[in-house]
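As structure tokens, the structure follows; a few thoughts come after it.
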Amino acid sequence: MSGGELHADTPHSLSDGTTRWPVLEGIPYLRAGRDEVREQALAALDDGRDRDAAAVLLADNDDWWDQPPPPAEQLRAVLDATTLREAVAGLGLGRVGDYFLHRDHDPSGLAVLALTAAHPPAGRPVLDLACGAGHLLRRLAQHGEQDLTGVDVVFSKLWLARRFVVPGDVALVCADLAHPWPVHPAGDTYVAVHDVLYFLDDPAAVLATAAEHAGEGGAVVAAHCHNTGQPGHPRPPEAWAALLPGALTYGEEELTSATLERRLPRSADAQDLGDTEAVALARDGGAAAPETALLDPAPGADLRPNPLYADGTRRWPNEVWGAEYGPRAATYLPERRPDPMPDDAVARRLLVDLPEGW
């Protein structure tokens with residue numbers, strides 16, 4: 001991007017005065033370094049071939065992904081999917097698709113909820129970076145937060161969010177955090193950057209930019225920053241803490257337990273978290289009061305049995321998921337689904353609040 005302000009030059013594109021960018025289903029594709037994808041999608045949109053444009057954008061993935069995209073015909077057919085399950089299969093997302101299907105009840109997803117409850121947006125604008133399929137945005141919207149924006153580098157994840165997960169008034173933008181951000185600081189913003197910093201070559205730069213967006217009265221919260229020995233670009237907890245001076249630090253296991261026990265998590269000195277799988281950071285200039293309600297589904301939610309149980313028996317969605325999450329998930333999801341359900345079935349995620357089109 002040239003740095004100029006973006007404006008709509010057609011109903012399906014934005015321009016910064018130098019370059020045009022495609023917009024599909026209300027999601028601007030502003031990813032840097034993907035000129036061929038951008039131009040092919042624009043050409044199709046300009047010709048009125050929206051499904052062809054969708055196939056181009058849905059085929060794009062992040063640089064870590066090691067699988068080829070599905071055929072264009074299959075991606076066009078995904079546009080007719082009626083459930084999240086059908087869509088992730090058609091997109092060929094494999095283990096990442098399973099992650100999205102079960103995000104609200106895996107241990108790391110529970111950890112994000114505890115961190116959010118301890119340091120909530122409390123009415124401030126929310127910028128959810130690497131938002132994936134929008135699970136956190138959905139939870140915040142259900143609990144009354146209104147000014148919500150999600151950013152992710154992969155268009156297909158945002159498309160899943162738009163079609164199946166988040167309300168229509170949530171803003172979604174496809175962009176790369178390693179390049180200048182297409183959203184401008186608004187001050188006193190709540191910036192979430194969960195489960196992604198260990199993927200990035202320069203997480204310090206992302207956290208610095210996040211702090212600029214947060215301003216003095218905002219917050220920066222970052223869960224699941226891998227400790228040494230974990231995949232990606234891990235760091236010891238004290239090294240993560242040094243990237244966000246003044247932040248409280250939490251162990252992931254403590255965060256997960258807090259959600260299961262419906263309480264606020266206890267922070268710890270980063271130097272005492274050497275055994276945690278991943279550390280979480282939270283720096284809140286607004287010092288918002290905790291909101292334990294964020295640990296639970298919104299009142300009136302349509303709760304359903306956890307889909308990890310087939311015929312009453314727990315089954316992990318794949319071996320990778322089972323290896324990463326299974327040991328901790330097994331502490332709250334027993335091998336056999338209880339009958340009758342216990343009083344803490346919602347807290348333990350035996351009953352879950354799934355998107356309507358799950």
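Could you please state, rounded to a whole Å, how far the C-alpha centre of segment 197-214 is from the C-alpha centre of segment 284-326?
A separation of 27 Å, based on Cα centres.
May I ask for the net charge around ASP188, where only other residues with Cβ less than 15 Å from the Cβ of ASP188 are counted and Lys, Arg are +1 while Asp, Glu are -1?
-3
Top mean-square fluctuation among LEU255, LEU200, LEU84, Gaussian network model of the chain, C-alpha springs under 10 Å?
Looking only at LEU255, LEU200, LEU84, the biggest GNM fluctuation is shown by LEU200.
Quick one: what are the phi-derived ³J(HN,Hα) couplings along segment 163-174, Karplus 6.51/-1.76/1.60 with θ = phi - 60°, whole Hz, x for glycine and proline?
Values, residue by residue: 6, 10, 10, 9, x, x, 8, 7, 7, 10, 9, 8 Hz.
Within 11 Å, Cβ to Cβ, of LEU303, how many net charges do the neighbouring residues add up to if Lys/Arg are +1 and Asp/Glu are -1?
Charge balance near LEU303 sits at -1.
If you keep only loop residues by DSSP, which trypsin sites (Lys or Arg not before Pro) in segment 301-358 have at most 13 other Cβ atoms within 10 Å of their Cβ?
Those that pass, being in a loop and sparsely packed, are ARG315.
Rank these by accessible area, largest first, 1.4 Å probe: THR189, THR228.
Final ranking, largest accessible area leading: THR228, THR189.
Could you order GLU145, GLU319 so the one with the most accessible surface comes first? Probe is 1.4 Å.
Descending accessible area places them as GLU319, GLU145.
Shape call for segment 147-217 from the C-alpha gyration tensor, a ≥ b ≥ c root eigenvalues: rounded (a/c under 1.5), prolate (a/b greater than b/c) or oblate?
oblate
Could you give the accessible area per residue of the chain, probe 1.4 Å, as a whole number in Å²?
Normalised by residue count, the accessible surface of the chain is 42 Å².
Comparing ASP284, ASP343, ASP302, which has the greatest mean-square fluctuation in the GNM of the chain with Cα pairs linked when under 10 Å apart?
So, out of ASP284, ASP343, ASP302, the one fluctuating most is ASP343.
Consider just the alpha-carbon atoms of segment 212-309 and return their Rg together with their Dmax, both in angstrom.
Here Rg and the maximum Cα pair distance are 15.5, 45 Å.
Under 5 Å between amide hydrogens, which residues at least 5 positions from ASP9 or on another chain qualify, with H placed 1.01 Å from N in the peptide plane?
LEU14, SER15
For segment 219-229, take each phi angle, set θ = phi - 60°, evaluate the Karplus expression 6.51 cos²θ - 1.76 cosθ + 1.60, and give the result in whole Hz per residue in order, putting x for glycine and proline.
My calculation for segment 219-229 gives 9, 10, 10, 9, 9, 6, 9, 4, 6, 4, x Hz in order.
What relative contact order, as a whole-number percentage, does the chain give when Cα pairs under 8 Å and 6 or more residues apart are counted?
Result for the chain is 16 percent.
Tell me the net charge near GLY357. Cut-off is 10 Å between Cβ atoms, GLY357 excluded, with +1 for each Lys or Arg and -1 for each Asp or Glu.
Local charge sum for GLY357: 0.
Using a Gaussian network for the chain with springs between C-alpha atoms less than 10 Å apart, which of these wobbles most: VAL56, VAL191, VAL221?
VAL56
Based on a Kirkwood Rh over C-alpha pairs, give the Stokes-Einstein translational diffusion coefficient of segment 41-195 at 37 °C and viscosity 0.692 mPa s in µm²/s.
Diffusion coefficient, whole number: 201 µm²/s.
Show me 231-242, 108-119, 59-70 ranked by packing, highest mean number of other Cβ atoms within 10 Å first.
Ranking the peptides 231-242, 108-119, 59-70 by packing returns 108-119, 231-242, 59-70.
The values are calculated or read from the model by the stated rules, or taken from the named source; none is laboratory data. Because the structure is a prediction, the values reported are computed rather than measured. All Cβ positions, glycine included, derive from the backbone under ideal geometry; neighbour counts span all protein chains shown. To get the accessible areas, we keep the full protein, side chains included, count just its heavy atoms, and leave off ligands, DNA and RNA. Shrake-Rupley method; radii C 1.70, N 1.55, O 1.52, S 1.80 Å.
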